[in-house]
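I have placed the structure first, in the form of structure tokens, so that the comments after it can refer back to it.
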There are 2 protein chains.
Amino acid sequence: MSLRSTLEFLLYDWLQAESLTARERFGDHSRETFDAVLDTCERIAREKYAPFNRTVDTQEPQFDGEKVILPQCTYDARQAYADSGMLSAAQDYKMGGMQLPYTVEAAANSFFAAASISIGSNMLTSGNANAIMAHGSKMQQQVFAANEFNGRWAGTMCLSEPQAGSSLSDISTRAEPDGADFEGDALGPRYRLKGNKMWISSGDHELTENIVHLVLAKIPGPDGKPVLGVKGISLFIVPKKLVDAEGRLTGGRNDVALAGLNHKLGWRGTTNTLLNFGEGKYPVRGSAGAGLDGAGGGAIGYLVGKPGEGLKCMFHMMNEARISIGMAATMLGLAGYHASLEYAQNRPQGRPTGAGGKDATRPQSRIIEHADVRRMLLAQKSYGEGALALNLFCARLVDEQHTGAPEAVDEARLLLEVLTPIAKSWPSEFCLEANSLAIQIHGGYGYTRDFPVEQYWRDNRLNMIHEGTHGIQAMDLLGRKVLMEGGRGLQLLAGRIDSTIEKAMRHEMLAAYAKQLAAALAEVGAATKAAWATGEAQEALANAVPYMQAFGHVVLAWTWLDVALAVLERDASLSMAANVGRMGAMRYFFHYELPRISAWLNVVRQRDMTCAQLPESAF
Amino acid sequence: MSLRSTLEFLLYDWLQAESLTARERFGDHSRETFDAVLDTCERIAREKYAPFNRTVDTQEPQFDGEKVILPQCTYDARQAYADSGMLSAAQDYKMGGMQLPYTVEAAANSFFAAASISIGSNMLTSGNANAIMAHGSKMQQQVFAANEFNGRWAGTMCLSEPQAGSSLSDISTRAEPDGADFEGDALGPRYRLKGNKMWISSGDHELTENIVHLVLAKIPGPDGKPVLGVKGISLFIVPKKLVDAEGRLTGGRNDVALAGLNHKLGWRGTTNTLLNFGEGKYPVRGSAGAGLDGAGGGAIGYLVGKPGEGLKCMFHMMNEARISIGMAATMLGLAGYHASLEYAQNRPQGRPTGAGGKDATRPQSRIIEHADVRRMLLAQKSYGEGALALNLFCARLVDEQHTGAPEAVDEARLLLEVLTPIAKSWPSEFCLEANSLAIQIHGGYGYTRDFPVEQYWRDNRLNMIHEGTHGIQAMDLLGRKVLMEGGRGLQLLAGRIDSTIEKAMRHEMLAAYAKQLAAALAEVGAATKAAWATGEAQEALANAVPYMQAFGHVVLAWTWLDVALAVLERDASLSMAANVGRMGAMRYFFHYELPRISAWLNVVRQRDMTCAQLPESAF
């Protein structure tokens, strides 16, 4: 099935996205306007992204000492995206947006992820501007966010440092009040920043006239030292070029310097950088009376929100950022699925097996006729389409959180807390595995750069690392999310799963799967309790990743069962091939995948300390 | 632990390699001569291979229209390898060899695989010459094999074609008797070959003065058409440059032309080629009376063995070829393990967790102190060292097959038949997973080309594809090997496993694992029967890969239990850190890995046809 038809089934038939148009915010929308957005994005992705996915892989960003050089296709793709209005699609009309539901925005953006994940980092610009909308002053919104939404400027997120990745509390970038200007100019309280930021996507380029960096840094305490831990972290807007309150580039270059490009395994179309803030390459003179001048001054930054709340501001955006990573992983998985399906349907290899083995007199088979190729295709389908369903479901929860009735808002918030680690980690792991299967189906050809699948696999490997590694997601899930509010999030999720199980029990075709899911859910519940039975975090979390893998598989099984219910509701006799396929992918998941949870939960339940306790000298 | 100490433990303490010196063929050898070989190879690998692994990845082979251009380091590495005598190490003294046991040869070659898997394809040259020794005439041995063993010439294996990879019976390269010369010259019956060969490693280069291609081709039947199926396939020696019976390059260029280089995901140091045979780029005139002349003649080839027995000759070499792929995958896994272990021991990140969460006042932890990093390290160790043990065990069986007592020879042969698909497939799959974990431990840095782990992962991805894909190995195992000789191979293996279980039952520390292994073995046995219960190959083989995965995990668990016995025999109190590590890796395997087999065997037992039966239109 095409990506478009899968998206439409999930959006309209399963998630009832059209019902959102009954809400005031989305009142001007209709199925037609949603489809128009999908049409536009599908077309731009097909014309401006997909044909250049290999180009941006081979023509990596170059730094000539002053500027970053990118291939022309990156400029064209970015321009087409900005022109489409997608950067501000979800924003209010008054910000120039179209008040599109996030669910539809996420679905539309998926076309770009499938066509070329690394050409654009447009999501970062939207995310950056969203953070400013949520936590910045009116003026910061008007100057910075508005110029990102309209496509004039791009945005970044500067969190990690060379020595601090997963452990953000250890960042050492400092922000000191800019002397007499501490009260700030119109753009907010002014600080001077010094430090290095690592892994900054789109950290420098000439795609836009300016770049708005959102930077985490520490304001020294009364003793002049940085405050320890996360409480010392604040958030700053640090533009590449200084601007005035009208958004004019009046102040010349800010002291943000590109220190180097990272040369990566994949995702090569995106300029990934090490940035130096305030090291004096582009010195900014202190303003009158600031007592600062010349090289030592630091990069100018404007505080966003309150001092010490930098991480809180960032975490506010984390759910959507993580869903978008999950979506990226998913779309790479589906891109590989579609490529390998096409290959399998066209490549002849081998002969049909008769009673006495292979029969050389019969015509060659296409490889889709071989059982193991079908297994690898169905695995990819069940991973990719299942992950897509889960991510769209999470996107739908975001809309619920923003526009639902009060009780629904709270439930959506809590469900998102529990589901986000899965929405991010599960596709990162299993759609990567899907990409490996896509290579395998291609045989030796899949191992060459003449076919797209090896690039999907390389690109996808990043998703288990960025925006919180697999290990971080697992600690978040088992160490925080399942415990928070007295376990209410987990109970809520279990309630939703039970409700699907109950409905599925009434279907002859689904009852056995409903039972299997109920048993699996009970197994996860028991393992959760057993993990925390001693109350010792070290024991509970020793096997947090296997726990997350099992949890994820149960969530995906639930997703597939719920999708199957939607299938049967619309097409009880399975008259459409697409629905036969959905039921097949669901069955695959229950037969081949869900039984895997026992091995994962085994070590969780037993609080197995084999790994944690092995002496370092024994490795 | 270093690779060397792991190798020595497995070779001497576990496999009793020294006992081989009691055999006549190895009578001149001793632990000292074995160690000297290991020393030499370890040194050459450290000096000539490891420093250039990234060089050969970035400076891919180039074709200037006439010649293949390779970096200097490839010449140097090849020369050092040839000078070491390793090309002929296992050969008779009279062939210039040192009559080294294959076990020690495989162990010694492992250093090169770990240092740079793709610099040399020396294994292909040895394998080629071994095939000629096994099936060629005396003259072919003296002219071709001897000049490969002494390093003058290199060798290739030309099996696949662009349209025929897994399905060798569909090759279309033709070999026609060379007219009046059919009786042949001194080098054997002469044929003219025409066709294209794909994926030929080291198919062209200037590293040696000549290249000896071993080529599968079809001799037309009486009707002038190629014989259908594998029975029509014969084996030919096709030298790049024509030679006389003294091995002199007297005849100029043979009509073997480089048609193109394959640009691969990894393994980039090896020149991988498409070769055209007999298409007229280097026309070879027919000999007097042959009635052939000019471009249309074809490349000259000499029949090896009997017509129609080409595949049989090749399969003779298959066990060793597949063990060497398993070894390559294993060493890449271990290379990643050692790199990520070193990184984990040196990279500070995060803080120790106290009662109230992370404690920012305490010094940073190194990442090896985090439980999930330890899990990822121990997984790699158990995959890599377990796979190494299995592959060395298989190498030891090859020696048994060559030099054991008659009954042992037969048992070794049969065990190898059953174990070879595992020795090849299991490391290809799980040491690839190990490489992914090595990347994960490095975080963002692991995703850059500044660290070696991403290359290991790319290089390793080939091993599930070449020398018989995963799917082919699985069909071989479940479709042929477990059935052959009335299931005697499987029974023999089960007997060996039972014997380990019996010994382990007597150890307090191992008894529980022995029981777990016994249950797992029974589960595999039952699944094997259930798979074939209907006698329908299509049902039995529908889940051949999950079967192979489970079978492999049982074999590895057995290997680890047997290694643990050797540990306890020598160091019952586990006074050495290395032995604590081995026991830890063994425990990891039984706690985290062996339980996975149930999910795999589930679908085998039920002869699940979900994938096989899904209509093509539903994908």
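The values are calculated or read from the model by the stated rules, or taken from the named source; none is laboratory data. Worth saying up front: this structure is predicted, and the values here are computed from it rather than measured. Please note: Cβ atoms are built from the backbone with ideal geometry, for glycine as well, and neighbour counts cover all protein chains shown. All accessible areas refer to the heavy atoms of the entire protein, side chains included, with ligands and DNA or RNA removed. Shrake-Rupley method; radii C 1.70, N 1.55, O 1.52, S 1.80 Å.
More than 14 Å from every other protein chain (Cβ to nearest Cβ), surrounded by fewer than 23 Cβ atoms within 10 Å (Cβ to Cβ) and either in a strand (DSSP E or B) or of a type outside the set (Phe, Trp, Tyr) (or both) - does that describe any residue in region B:225-239? Within region B:225-239, not a single residue is more than 14 Å from every other protein chain (Cβ to nearest Cβ), surrounded by fewer than 23 Cβ atoms within 10 Å (Cβ to Cβ) and either in a strand (DSSP E or B) or of a type outside the set (Phe, Trp, Tyr) (or both). How about region B:415-452: which of its residues are more than 9 Å from chain A (Cβ to nearest Cβ) and among the basic types (Lys, Arg)? Listed by number, the list holds a single entry, B:Lys424. Scanning region A:591-606 for residues that are surrounded by 20 or more Cβ atoms within 10 Å (Cβ to Cβ) and outside any helix (DSSP H, G or I) returns no hits.
For region A:323-359, how many residues are farther than 29 Å from A:Ala50 by Cα and in contact with a Lys or Arg (Cβ under 6 Å, 6 or more places away or on another chain)?
Within region A:323-359, residues that are farther than 29 Å from A:Ala50 by Cα and in contact with a Lys or Arg (Cβ under 6 Å, 6 or more places away or on another chain) number 4.
Tell me, which residue of region B:506-522 that is closer than 30 Å to A:Asp372 by Cβ and either within 13 Å of another protein chain (Cβ to nearest Cβ) or free of Cβ contacts under 8 Å to residues at least 40 places away in the same chain (or both) is least open to solvent (accessible area, probe 1.4 Å)?
Taking region B:506-522 and keeping what is closer than 30 Å to A:Asp372 by Cβ, we get B:516-522.
From the residues that got through so far, the ones that are either within 13 Å of another protein chain (Cβ to nearest Cβ) or free of Cβ contacts under 8 Å to residues at least 40 places away in the same chain (or both) too are B:516, B:518-522.
Values: B:Gln516: 58, B:Ala518: 42, B:Ala519: 60, B:Ala520: 5, B:Leu521: 34, B:Ala522: 62 Å².
Checking each candidate, the answer is B:Ala520.
Residues in region B:442-457 that are crowded, with 24+ Cβ neighbours inside 10 Å, under 17 Å from B:Ala50 (Cβ atoms) and not β-branched (Val, Ile, Thr): B:Glu454, B:Gln455, B:Tyr456.
The set of residues in region A:481-505 that are outside any helix (DSSP H, G or I) and open to solvent by 60 Å² or more (accessible area, probe 1.4 Å) contains only A:Leu483. Reported count of residues in region A:529-546, each being open to solvent by 30 Å² or more (accessible area, probe 1.4 Å), in a helix (DSSP H, G or I) and either on the phi > 0 side of the Ramachandran plot or of a type outside the set (Gly, Ala, Ser) (or both), is 4. Residues that are in contact with an Asp or Glu (Cβ under 9 Å, 6 or more places away or on another chain), within 28 Å of A:Phe551 (Cβ to Cβ), of a type in the set (Gly, Ala, Ser) and open to solvent by less than 10 Å² (accessible area, probe 1.4 Å): does region A:418-434 have at least one? No: region A:418-434 contains no residue that is in contact with an Asp or Glu (Cβ under 9 Å, 6 or more places away or on another chain), within 28 Å of A:Phe551 (Cβ to Cβ), of a type in the set (Gly, Ala, Ser) and open to solvent by less than 10 Å² (accessible area, probe 1.4 Å).
Tell me whether region A:373-380 contains one or more residues that are without any contact (Cβ under 8 Å) to a residue 40 or more places away in the chain, within 14 Å of chain B (Cβ to nearest Cβ) and either on the phi > 0 side of the Ramachandran plot or among the aromatic types (Phe, Trp, Tyr) (or both). No, that holds for no residue.
For region A:578-588, the condition holds for at least one residue, the condition being that it is within 8 Å of chain B (Cβ to nearest Cβ), β-branched (Val, Ile, Thr) and open to solvent by 10 Å² or more (accessible area, probe 1.4 Å). The set of residues in region B:315-352 being under 30 Å from B:Gly188 (Cα atoms), surrounded by 21 or more Cβ atoms within 10 Å (Cβ to Cβ) and hydrophobic (A, V, I, L, M, F, W, C) consists of B:Ala321 alone. Note on region B:259-282: residues that are within 12 Å of chain A (Cβ to nearest Cβ) and among the charged types (D, E, K, R) total 2. Out of contact with any Cys (no Cβ under 6 Å at 6 or more places or on another chain), open to solvent by 30 Å² or more (accessible area, probe 1.4 Å) and either more than 24 Å from B:Leu168 (Cβ to Cβ) or more than 13 Å from every other protein chain (Cβ to nearest Cβ) (or both): does that describe B:Glu467? Considered against the rule, which asks whether it is out of contact with any Cys (no Cβ under 6 Å at 6 or more places or on another chain), open to solvent by 30 Å² or more (accessible area, probe 1.4 Å) and either more than 24 Å from B:Leu168 (Cβ to Cβ) or more than 13 Å from every other protein chain (Cβ to nearest Cβ) (or both), B:Glu467 comes out as no. Only a single item in (1) out of contact with any Phe, Trp or Tyr (no Cβ under 9 Å at 6 or more places or on another chain); (2) more than 10 Å from chain B (Cβ to nearest Cβ); (3) open to solvent by less than 10 Å² (accessible area, probe 1.4 Å) is not met by A:Ala550, and it is number (1). Can you spot a residue in region A:470-480 that is in contact with a helix residue (DSSP H, G or I) (Cβ under 7 Å, 6 or more places away or on another chain), over 24 Å from A:Asn543 (Cβ atoms) and either open to solvent by 50 Å² or more (accessible area, probe 1.4 Å) or of a type in the set (Asp, Glu) (or both)? Within region A:470-480 (the criterion being in contact with a helix residue (DSSP H, G or I) (Cβ under 7 Å, 6 or more places away or on another chain), over 24 Å from A:Asn543 (Cβ atoms) and either open to solvent by 50 Å² or more (accessible area, probe 1.4 Å) or of a type in the set (Asp, Glu) (or both)), the answer is no, since none of the residues qualifies. Within region A:434-451, being assigned to a loop (DSSP other than H, G, I, E, B) and either closer than 19 Å to A:Ala387 by Cβ or in contact with a strand residue (DSSP E or B) (Cβ under 9 Å, 6 or more places away or on another chain) (or both) holds for one residue alone: A:Arg449.
Restricting attention to region B:84-99, the residues being surrounded by fewer than 23 Cβ atoms within 10 Å (Cβ to Cβ) and within 29 Å of B:His338 (Cα to Cα) number 3.
Condition test on A:Gln455, is it more than 7 Å from chain B (Cβ to nearest Cβ), touching a residue at least 12 places away in the same chain (Cβ under 8 Å) and either assigned to a loop (DSSP other than H, G, I, E, B) or farther than 24 Å from A:Met548 by Cα (or both)? In short, yes.
With respect to the conditions (1) open to solvent by 10 Å² or more (accessible area, probe 1.4 Å); (2) touching a Pro at 6+ places or on another chain (Cβ under 7 Å); (3) polar (S, T, N, Q), A:Ser201 falls short on a single one, namely (2). When B:Ala566, B:Ala526, B:Ala557 are screened for being within 14 Å of another protein chain (Cβ to nearest Cβ) and of a type in the set (A, V, I, L, M), only B:Ala557 passes.
Residues are listed down the side, and each one gets a yes or a no for (1) in a helix (DSSP H, G or I); (2) of a type outside the set (Lys, Arg); (3) facing another protein chain (nearest Cβ under 9 Å); (4) in contact (Cβ under 8 Å) with a residue 12 or more places away in the chain:
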| residue | (1), (2), (3), (4) |
| --- | --- |
| B:Thr330 | yes, yes, no, yes |
| B:His338 | yes, yes, no, yes |
| B:Gly350 | no, yes, yes, yes |
| B:Ala360 | no, yes, yes, no |
| B:Ile368 | yes, yes, yes, yes |
| B:Ala387 | yes, yes, no, yes |
| B:Ala395 | yes, yes, no, yes |
| B:Glu400 | yes, yes, no, yes |
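From the list A:Ala389, A:Ala371, A:Ala379, the lone residue that is closer than 18 Å to A:Ala17 by Cα and not assigned by TED's automatic domain parsing to the domain that holds A:Ala90 is A:Ala389.
Considering region B:138-171 alone, what residues qualify as being touching a strand residue (DSSP E or B) at 6+ places or on another chain (Cβ under 6 Å) and open to solvent by 10 Å² or more (accessible area, probe 1.4 Å)? B:Asn147, B:Met157, B:Leu159, B:Ser160, B:Pro162, B:Asp170, listed by residue number.
Per this entry, A:Tyr588 is counted among residues that are assigned to a helix (DSSP H, G or I), among the aromatic types (Phe, Trp, Tyr) and more than 27 Å from A:Ala530 (Cβ to Cβ).
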